[in-house]
Every structure is written in C-alpha cells, then in structure tokens.
Amino acid sequence: MNLVKYAVLLVGFVLPSVSFALAPPLRQIDAFKVITVEGEDMPWSLGLPIEELSLAAMLDGVMEPIPFQIDEYNQGGAVYFDGWHVPMAGTAKLMDPTDKLLFLFKDAGERKTERDQYDGELLAEIITRDRDGVERFVYLVRNSRLRSDEQYVRYSAEIGLVETDFYSLRYNNENHLKWDDFRYNNYVGERPLDSMKLRFDTGILTPITDTELNNDQMIALPTGEIIGPIRTTTQLDFNMYLFGMSIIELSMQIYHYPKYVMYDVRGIIPVLRRKLLVDPSLTMSLDANQLLGASIRTASGPKAAGVVDGKIDENEQLMIDTPFEGDANWIWVSSKRNLDILAFVDYLGDFNEPMGLLLEDDLDRADPPEFFPGQQPNLGYHVQSFPMKGFLGFVVSIFLTDGFEGEGEPEDFAVYARTLPELEIRAM
C-alpha cells in the first residue's frame, strides 16, 4: 500500500518551460517523501526484465546511480509475496502496469544535457515539480552496470530489527504486534515510544458476554520479507485468538520507510464467524513514555492544543468527545524534544466505519503490554463498529520527524506531508 496519491501525473512529450541548473535544497517535509511511479505510466518499460532497469540523476554536475526499487503487486493491490494466497497481478520479473517504481524526492537532481553521458540506454525522464514549481529530474535507464549502494532502510528478519538514519524499531520475534524497543535518533531523552497497543472488544453471541482481546491474543507472525533500499515490506499472518482458537485471520503488511511506518491490514471475515461477534470495536494506539509537556492536536479537535501532564485537560476532552469525519482523522504530537509524530488512518474498499479518538493521559495507570507504567500519553484510534459482511481493510500511517516547525499549522502540514510532487514522464 502506497501513500494516498495526490500527485497529478502528466505523461507527454512536451519539454517543460522552466528548468533550473541547480535547484534550491528541498524542505525537510519534502526531502524524504517516497515518489511512486506506476508501471502503466511508463509504457516504454512494460515487458522489460525488471533487473535491467535502474535510476540515475545529475548530482553535483555528474550523472550518478541513485537508490530505487521496483515492487511487484498482487491482484488485491498489495505487494506480492510468493506463497501467499493472493495471485500476482502481472508477470513475475517483468515490468507490468501494476508494478511500482520507488525513489526518494531528495535524490532527484538537475536536468542532464546532451553532453552528459551515462552507462546504458536512457528510456525516460521523470520530472518532479514541488509546490513552488521547482523542477528536479530522475532518469529511467536500461542495461546500466551502475547501481547505488545506499540503503535508506536496513532490516534483519532474523532478529526483527528495522533501522534507518532516523529511527530503529525492534519487534518481538513471537509477535510483531509487540514492540521490544523503539528509538528516535535525535530525540532528547530516553525511549520516547513504549509500545503499540491493540484492543478488540466484543460480545460472544450476546452483548452480556463482553470479551477483550489484546496484544497477547492478537498475534502477527512474519511469513516473508522484501528488503529494499527505499522501503522494507513484511508480510504477516495476523490472527485473533479466543480460548486458544483463531476466530479471525487477516493479512497484514508492514512497510518501513526512512521516516515513517505503515500497517496495512485487510481480509474477509467469514459470515458465520462474524455472527459470533456482538458490537465489536477495535482500538489501535501508541503508548508514549514520559512525553510530559508535549502538545496534541487532532483533525476534529479544537485549535488549542492539549498538553500531556498526567490528567485529561479541557482540550483533550473535547478531542475525545468529537468523532473524526471520514479521512480527516490526523493526530499530531509534538514532544518539543526533537520528535513530532503525525498519524493517519485510510480505510480500504467499502470499509468505512465510525472512528473516534483514544486518548489517555495518566502518570501511573498500568496497561500491559508496556515496559514503562503510565499513559503519557496513550494515543490512537477507536474503530467503533464492524460491518456484518464484506471486506475489512485499513492502513495506519505513522510519520516521524524532528519537528514540523516552520511548516504552518498542523492542519496545513498534516495534509502536505502526504501530498506528492507533480510528475511528468517523458520518453527519451
């Protein structure tokens, strides 16, 4: 699953009217955006062996290979994994319309000239335009012997450790829904995020027999990994257990990017299983550690921020009481210690259930699984109901940055953080 595609794609053969020999530096909010180009928008590459394709850009006046990856997708719209039950959408190892080319915005460079030579055959020029209209260029190349050795995301499947230049996250080997450790490199203080928490509340047959499942009964185990320089994708088998028996089985993919993490959950719960569940609801949250003094804003809350201080203040209560409306559901936390967190939920398919805010601000209350007592804060989403039939799917995105200072109000950068540059792709 990719970021929601705001980009306008213009495929044509007209040279852009404005270009810059040396573009100004990208803003922090733009630099590590992952640019995704659909295979169908590069018709000149279709049918070619993926291993023959690569990317290059003009960096400091010289054509150089840049990090990239091409991921193949399944018929359900997720990254394809061999052995998983969803078939591939195209042909293995050949560039298909459903395949996706990924690179970082910051690696686009100035425009090449005819005298700038490079190994291999140039197939296409990919032009990016930021919101100021500044153009930067990347080149799709065939049969080049040159490859970048830069790895923006490092992953060890054996120990469940993800590392980037900005954060590290270690998963529990027996359940990837449990975090054993999270670090943010520039954060001033000890471990800022304690754990990820899931709660599934339902009656069994009747609303009187209320049952809560947590991370101990909801278990996700990896079945495959795709490790690339731009992102790492892990395929997991996600089961909810009741009395030792799996009552719900879903597909989960976790995407790790240089500055954000995405959890993609989807599946179809059999009708007979759903009939066992009465008034089910789900909460998904991050429990932070000692973020005292941090500010909280939400898409549906007041303009004034809530403050983490060990008790629910007036602004925090207003956020809790006001449900989210559709895809306007961002949550922003500023630690004021070189870590801001921005989260979104995107529903998939026809799954479009009411959703509210989960917010706990308490110095002492214990709520396992966690390493540090207290909810300071525990913050996330409450999906208040589930349909009795059909598809269930959602994506939770968590953006991490040193800070969004200078990017306007939270309602501005919350949208812009997911807005991709305009793209134009031109055959060479």
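The values are calculated or read from the model by the stated rules, or taken from the named source; none is laboratory data. Quantities reported herein were computed from a predicted structural model and do not represent experimental measurements. When we count neighbours, we look across all protein chains shown, and the Cβ atoms used for this are built from the backbone with ideal geometry, even at glycine. The protein model used for the area step is the full one, side chains on, heavy atoms only, and it has no ligands, DNA or RNA in it. Shrake-Rupley method; radii C 1.70, N 1.55, O 1.52, S 1.80 Å.
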Accessible-area composition of region 96-190, carbon plus sulfur, in percent [1.4 Å probe]: 39
Value of relative contact order over region 140-238, rounded to a whole percent, pairs C-alpha under 8 Å and six or more apart: 22
Over the chain, relative contact order from alpha-carbon pairs under 8 Å, at least 6 apart, %: 17
Integer Hz, Karplus 6.51/-1.76/1.60 couplings in order for region 337-345, x for Gly and Pro: 9, 6, 8, 10, 10, 10, 10, 9, 10
Most to least packed among 372-383, 296-307 [average Cβ atoms within 10 Å]: 372-383, 296-307
Per residue accessible area of region 250-343, 1.4 Å probe, in Å²: 37
Structure-derived log10 I(q)/I(0) by the Debye sum over Cα atoms at q = 0.09, 0.11 Å⁻¹: which label, when the choices are [x] -0.53, -0.81; [y] -0.60, -0.89; [z] -0.70, -1.00: [y]
Whole-Hz ³J(HN,Hα) from phi, Karplus 6.51 cos²θ - 1.76 cosθ + 1.60, for region 246-254, glycine and proline x: 5, 9, 9, 10, 10, 9, 10, 10, 10
Solvent-accessible area per residue for region 19-79 (1.4 angstrom probe, square angstrom): 40
Max mean-square fluctuation residue, GNM over the chain, Cα-Cα springs under 10 Å, options LEU193, LEU213, LEU291: LEU213
Value of [θ]222 nm, deg cm²/dmol, for the chain, DSSP H segments ≥ 4, -39500 (n - 2.57) each, nearest 500: -1500 deg cm²/dmol
Sequence-distant residues sharing a close amide H with PHE324 (under 5 Å, placed H): MET355, GLY356, LEU357
Listed residues ALA288, THR322, SER148: farthest to the positive end of the dipole of the chain (Cβ charges): SER148
Distant-in-sequence amide H partners of TYR80 (H built 1.01 Å from N, under 5 Å): GLU72, TYR73, ASN74
Restraint check, LYS33/LYS178; LYS33/LYS100; LYS33/LYS259; LYS106/LYS259; LYS275/LYS389, Cα-Cα greater than 18 Å: LYS33/LYS178
Under-5 Å amide H pairs with GLN69, H placed in peptide plane, nonlocal only: LEU102
Per-peptide average of other Cβ atoms within 10 Å, ordering 108-117, 324-333 highest first: 324-333, 108-117
